[in-house]
Amino acid sequence: MRTFIILTTALLSFGITALMGFWLIPLLRKVKYGQTILDIGPVWHKNKQGTPTMGGFLFIAGVLVATTVGYLVYMSADGGESELSPLLGTRLFAGMVMAMAFAFLGFVDDYIKVVKKRNLGLTAGQKMVMQILISAIYLSILYLAGDTSTVLWIPVIGPLDLGLFYYPVALLILVVGTVNAVNLTDGIDGLASSVTFVVSLGFMVIAAILSAYEMQLLAIAVAGAMLGFLIWNFHPAKVFMGDTGSMFLGGIVVALGFGLGLPFLIAILGIIYLVETLSVMLQVASFKLTGKRIFKMSPIHHHFEMCGWSEVKIVGVFSAITAIGCVLGVWWIVSL
């Protein structure tokens, strides 16, 4: 029964995401919600000018509907309710609400860029304040639900009790940092969606090992949605996810990590998100300190573009590296 519901959840998420594209993408074109390509990127990206954006609504619908239906069906099944954990249920739905809040913030940013014609959208300060607020509310809900542990499990080191330092670390690095890292990864056709597809499979396997059925449902729903979205987003992309989609995905990755009680998994399974962020930080620091750049362009996927790699090759290599990270994450969990 459990396997059937999981597979059905994946198919439902895939179907909703893929089929909605036939309706939403023409609508986005009709209302002229097209991407504005800034001059800071590779010059050949100008060919993508006008490609519909805010396509993240496709997989947002797929993930939310499929996960909720799968959870309710299993809950109503004979013996299903007794196998579900109230704490994991709280983590699941608090995580989805948090991801939707980030999606709304991303939508406001996209709306300002596309409709108000302000290319940079919200200011960095405005984004940061709202991201911190959303993250603080999410962590507060988990705390009030009984999720009061301040222990962070780290490979090699083991359990590390951070005490009160856990909360600023969790808020600024593990939540806000992850959301922005996924947002940075969304820079070429199919990259963020392909990487997140692999990440979600890694989380699904780990959730199965830990018997965290609620998180397994969410992970498989994300995997199905990413496959459905790639029909429209793989190179050459017919639609972009926009900040609406990338911030939602960042929130979902956070929800999976915290949902399993192992947020450090985000750094292992999402190794590409981490590399993308570090490339930007190193580039900025190097230029400010020495006046020289380390990479031809950052985030690092643009560096490889400038080196002559095709978008498809970058997506393939980055997805393969993500798969290695997922294998290491699974190995770590099994070794525990």
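Details
Results for (1) under 18 Å from Leu262 (Cβ atoms); (2) at pLDDT 95 or above; (3) of a type in the set (Val, Ile, Thr); (4) in contact with a Cys (Cβ under 9 Å, 6 or more places away or on another chain), shown as yes or no for each residue.
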position	(1), (2), (3), (4)
Thr68	no, yes, yes, no
Leu105	no, yes, no, no
Arg118	no, no, no, no
Thr123	no, no, yes, no
Gln131	no, yes, no, no
Ile141	no, yes, yes, no
Leu144	no, yes, no, no
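- Taken over segment 184-198, the criterion of being closer than 17 Å to Gly228 by Cβ and assigned to a helix (DSSP H, G or I) is satisfied by Leu191, Ala192, Ser193, Ser194, Val195, Thr196, Phe197, Val198.
- The lone exception for Ile141 - which of (1) of a type in the set (A, V, I, L, M, F, W, C); (2) closer than 30 Å to Gln283 by Cβ; (3) surrounded by 14 or more Cβ atoms within 10 Å (Cβ to Cβ) it fails: (2)
- Wholly within segment 249-336, helices (runs of 4 or more DSSP H) carrying at least 2 residues that are touching a residue at least 24 places away in the same chain (Cβ under 8 Å) and under 17 Å from the mean Cα position of the chain (by Cα): 265-269, 271-290, 311-335
- Any chance Ser211 is at pLDDT below 95, farther than 18 Å from Ala99 by Cα and among the polar types (S, T, N, Q): yes
- When Val239, Val275, Val254 are checked against the criterion of being modelled with pLDDT of 95 or more and closer than 19 Å to Met100 by Cα, a single residue qualifies: Val254.
- For segment 4-36, the set of residues classified as farther than 15 Å from Ala225 by Cβ and out of contact with any strand residue (DSSP E or B) (no Cβ under 7 Å at 6 or more places or on another chain) consists of Phe4, Ile5, Phe22, Trp23, Pro26, Leu27, Lys30, Val31, Lys32, Gln35, Thr36, listed by residue number.
- Trp153, sole failed condition from (1) over 21 Å from Pro263 (Cβ atoms); (2) in contact with a Leu (Cβ under 6 Å, 6 or more places away or on another chain): (1)
- Only a single item in (1) of a type outside the set (S, T, N, Q); (2) farther than 30 Å from Ala207 by Cα; (3) surrounded by fewer than 18 Cβ atoms within 10 Å (Cβ to Cβ); (4) in contact with a helix residue (DSSP H, G or I) (Cβ under 9 Å, 6 or more places away or on another chain) is not met by Val129, and it is number (4).
To keep it simple, each residue is scored yes or no on (1) assigned to a loop (DSSP other than H, G, I, E, B); (2) within 27 Å of Trp332 (Cα to Cα); (3) more than 20 Å from the chain's Cα centre (by Cα).
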| position | (1), (2), (3) |
| --- | --- |
| Met128 | no, no, no |
| Gln131 | no, no, no |
| Leu142 | no, yes, no |
| Gly146 | yes, yes, yes |
| Trp153 | no, yes, yes |
| Val156 | yes, yes, yes |
| Pro159 | no, yes, yes |
| Tyr166 | no, yes, yes |
| Ile173 | no, yes, no |
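- Segment 287-334, residues that are surrounded by fewer than 15 Cβ atoms within 10 Å (Cβ to Cβ) and of a type in the set (S, T, N, Q): Thr290, Ser310
- Members of segment 146-164 found to be hydrophobic (A, V, I, L, M, F, W, C) and under 23 Å from Gly250 (Cβ atoms), listed by number: Leu152, Trp153, Ile154, Leu162
- Looking only at residues in segment 194-241 that are touching a residue at least 60 places away in the same chain (Cβ under 8 Å) and among the hydroxyl-bearing types (Ser, Thr, Tyr), the one that is nearest to Leu64 (Cα to Cα) is Tyr213.
- Any chance Ala136 is within 21 Å of the chain's Cα centre (by Cα), closer than 27 Å to Val330 by Cβ and in a helix (DSSP H, G or I): no
- Exactly one residue out of Thr178, Thr123, Thr185 is among the hydroxyl-bearing types (Ser, Thr, Tyr), without any contact (Cβ under 8 Å) to a residue 12 or more places away in the chain and either out of contact with any strand residue (DSSP E or B) (no Cβ under 6 Å at 6 or more places or on another chain) or under 22 Å from Gly270 (Cβ atoms) (or both), and it is Thr123.
The values are calculated or read from the model by the stated rules, or taken from the named source; none is laboratory data. Quick caveat: nothing in here was measured; it's all calculated off a predicted structure. Using ideal geometry, Cβ is built from the backbone for each residue, glycine included, and neighbour counts are taken over all protein chains shown.
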